[in-house]
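Okay, so here's the structure we're looking at.
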Amino acid sequence: AQSVTQLGSHVSVSEGALVLLRCNYSSSVPPYLFWYVQYPNQGLQLLLKYTSAATLVKGINGFEAEFKKSETSFHLTKPSAHMSDAAEYFCAVSDRVNKFYFGSGTKLNVKP
Amino acid sequence: EPEVTQTPSHQVTQMGQEVILRCVPISNHLYFYWYRQILGQKVEFLVSFYNNEISEKSEIFDDQFSVERPDGSNFTLKIRSTKLEDSAMYFCASSEVMNTEAFFGQGTRLTVV
């Protein structure tokens with residue numbers, strides 16, 4: 001079975017600081033992993049994905065994530081936060097067949 | 001850039017009424033999905049659809065729910081007799097092939113009163 005745990009429902013950083021959003025997964029098959037972002041009153045936008053190629057994945061808006069099999073983790077990072085990064089971020093794992101399993105989300109607040 | 005579009009963006013309905021949520025997936029995509037997000041909760045899988053039939057459905061997707069692809073472009077979710085607990089944001093998604101990322105629509109916020 002597949003599941004995702006996101007540690008920290010709220011994360012607050014200062015503008016220019018490192019962003020680290022944590023995601024741990026459980027999967028009975030080699031996972032496909034995704035990060036989506038949701039801005040207020042909008043849909044889910046794909047940030048990046050891991051599908052068994054390079055373990056360090058670069059996405060849009062300067063975000064990247066590293067797949068660590070030994071730690072069953074897929075944490076999202078960005079070296080320098082911008083005010084526009086304030087949103088809710090969802091980690092998801094695919095069952096490789098039909099559906100995605102989402103974490104409960106982490107709301108990122110960026111302080112000026 | 002191609003996108004998944006959903007209508008309406010917000011629907012208010014009385015308990016017991018039928019609602020139809022509409023989606024236009026990306027044109028060359030073959031796999032279609034409905035997810036929902038109750039306020040403050042996780043995004044939950046409802047159903048996947050491929051080749052004009054349901055591929056998989058969750059325990060949430062009971063007899064009150066149905067999906068249809070009535071023509072070559074639309075993908076609909078019908079709730080026959082809405083309950084208060086059906087209030088949620090409903091997301092449609094599509095993917096080109098299996099195992100690729102799903103592209104999500106903007107969502108329809110359903111409020112059952």
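Each value in this text was obtained by applying a stated rule to the coordinates, not by laboratory testing. The structure displayed is predicted, hence computed values, not measured ones. FYI the Cβ positions are ideal-geometry reconstructions off the backbone, even for glycines, and counts take in every protein chain you see.
Here are some notes:
- Residue satisfying all of: in segment B:8-52; of a type in the set (S, T, N, Q) and within 13 Å of chain A (Cβ to nearest Cβ); farthest from A:F102 (Cα to Cα) among these: B:N51
- A:T77 being polar (S, T, N, Q) and within 11 Å of another protein chain (Cβ to nearest Cβ): no
- Residue count for segment A:8-56 satisfying the condition of being closer than 15 Å to A:C91 by Cα and either loosely packed, with under 12 Cβ neighbours inside 10 Å or among the hydroxyl-bearing types (S, T, Y) (or both): 10.
- Residues that are of a type in the set (F, W, Y) and within 16 Å of B:H10 (Cα to Cα) were ranked within segment B:55-102; the one that is surrounded by the most Cβ atoms within 10 Å (Cβ to Cβ) is B:F91.
- Consider segment B:62-76 and keep the residues that are free of Cβ contacts under 8 Å to residues at least 24 places away in the same chain and touching a strand residue (DSSP E or B) at 6+ places or on another chain (Cβ under 8 Å). The one that is nearest to the other protein chains (Cβ to nearest Cβ) is B:F65.
- Note on segment A:45-74: among residues that are in a loop (DSSP other than H, G, I, E, B) and within 14 Å of chain B (Cβ to nearest Cβ), the one that is nearest to the chain's Cα centre (by Cα) is A:G59.
- Filtering segment A:28-39 for residues that are part of a loop (DSSP other than H, G, I, E, B), within 12 Å of chain B (Cβ to nearest Cβ) and closer than 15 Å to B:V43 by Cβ leaves a non-empty set.
- In summary, strands (runs of 3 or more DSSP E) completely within chain B and bearing 1 or more residues that are in contact with a Phe, Trp or Tyr (Cβ under 7 Å, 6 or more places away or on another chain) occur at B:19-24, B:31-37, B:43-50, B:53-57, B:65-68, B:75-79, B:88-95, B:108-112.
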